Amino acid sequence: MQLAANNPTCFSWGACVAHILNLVVQANFFAGVLIMNVIEQCKAIATYYNQLNIFAAALRQAQMDLQGKCLVVFQSVKTRWNSTHLMLAR
């Protein structure tokens, strides 16, 4: 089978396959109860940070006082590659 170079619909299903693969990897990699508790607690902190401006401002000020720079708080999203890793690493 030869694919046409100018046909944009040839691999339109590719993103869906990558999404499913990401979900399968996450389901198997984060199967432990202990790691799921840590992930859920980090998600709750990131959600709280993103919803309350007062908390976000206090955290940014504390970071500036301690480190001299502000770090971004990452939110874990199932469909975004490495978002859980970035959230846990931060």
Qualifying positions in segment 22-39 - part of a helix (DSSP H, G or I) and either over 11 Å from T84 (Cβ atoms) or in contact with a His (Cβ under 6 Å, 6 or more places away or on another chain) (or both): L23, V24, A27, N28, V33, L34, N37
What residue, among those in segment 1-37 that are under 15 Å from V77 (Cα atoms) and among the aliphatic types (A, V, I, L, M), is modelled with the highest pLDDT? M36
Considering only residues of segment 57-89 that are surrounded by 14 or more Cβ atoms within 10 Å (Cβ to Cβ) and β-branched (V, I, T), which is nearest to F29 (Cα to Cα)? T84
So which pairs qualify, if the first residue must be in segment 45-58 and of a type in the set (K, R) and assigned to a helix (DSSP H, G or I), the second must be loosely packed, with under 10 Cβ neighbours inside 10 Å and at pLDDT below 90, the Cβ gap must be under 8 Å, and the two must be at least 6 apart or on different chains? none
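The values are calculated or read from the model by the stated rules, or taken from the named source; none is laboratory data. No experiment lies behind these values; they were computed from the predicted model shown. A quick note on method: Cβ atoms are made from the backbone with ideal geometry, for glycine too, and the neighbour counts reach across all protein chains shown.
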